[in-house]
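The structure under discussion appears below in the form of structure tokens.
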Amino acid sequence: MFLENTVNHKEQFGWIEVICGSMFSGKTEELIRRLRRAQIAKQKVEIFKPSIDTRHSEDMVVSHDANEIRSTPVPAAANIRILADGCDVVGIDEAQFFDDEIVTVCNDLANKGVRVVVAGLDMDFKGNPFGPMPALMATAEYVTKVHAICTRTGNLANYSFRKSNDNKLVLLGETEEYEPLSRAAFYKAMLRQKVSKMDVKDPEDLSEKKKNDSTG
């Protein structure tokens with residue numbers, strides 16, 4: 001369990017916390033938990049999310065367990081710097097969808113004494129580092145990696161496998177489009193997907209073509 005840094009109250013600088021993992025791993029749930037504690041402590045809290053994420057609500061951050069907290073949707077990271085003025089704590093959900101300036105924004109806020117709590121996918125559906133998340137994790141004081149449960153093996157899952165053939169990097173979806181997989185299950189699923197796309201020729205067709213070419 002994450003414990004807030006309350007050792008030195010005279011320190012003027014804030015810090016960055018990153019909550020990362022695959023889909024269905026409880027990232028948003030943990031983000032909401034930390035922000036609610038800050039609200040109970042009477043701190044001024046503002047929550048932001050990318051405006052493209054309208055899956056559950058336009059102005060609420062909603063977890064898969066249906067917990068929710070009011071947020072402000074913004075089209076770009078630069079908007080957060082303006083709207084977060086005077087805050088004690090800033091929460092950011094789905095950080096992987098923001099532009100790279102989100103890293104500078106988070107560090108600028110932390111340098112002004114703000115506690116910044118960020119949640120996002122650390123890898124995309126191909127298993128590659130996702131957007132600004134690697135840089136956020138590198139510059140954060142605290143990084144919490146949470147895991148889902150693999151739908152095929154029951155082991156811990158840290159990959160988000162896309163079940164559809166859509167190759168767009170950003171594809172909002174839930175269980176219809178994605179499933180959490182362990183490393184072994186993800187590797188097998190990706191290999192199976194790759195093989196299914198291969199254009200395999202029938203040996204008889206090849207021999208017939210070769211025969212026609214030689215006689216022609």
Taking other Cβ within 10 Å of each residue's Cβ, how do K112, K168 sort, fewest first?
K168, K112
Calculate the spin-label point distance for E29 paired with N79, positioning each point 7 Å from the Cα along the beta-carbon direction, and give it in nanometres.
2.9 nm
If packing is taken as the mean number of other Cβ atoms within 10 Å per residue, what is the order of 13-22, 102-111, highest first?
13-22, 102-111
Give or take rounding to whole Å, what are the principal axis extents of the alpha carbon atoms in segment 64-135, in descending order?
39, 30, 20
Cα→Cβ-extended label distance, 7 Å offset, between S164 and S196, nm:
1.4 nm
Once each part is reduced to its C-alpha centroid, what is the distance from segment 66-106 to segment 116-149 in angstrom?
15 Å
Do any of K44/K112; K163/K197; K126/K163; K27/K112; K145/K168; K145/K194 go past 18 Å between their Cα atoms, and which?
K27/K112; K145/K168; K145/K194
Sort 32-38, 46-52 by the packing proxy (mean of other Cβ within 10 Å over each peptide's residues), most packed first.
46-52, 32-38
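None of the figures in this text is laboratory data; all of them are computed from the coordinates on show. Just so you know, these numbers come straight off a predicted model, no measurement behind them. Glycine also receives a Cβ, built like all others from the backbone with ideal geometry; neighbour counts cover every protein chain displayed.
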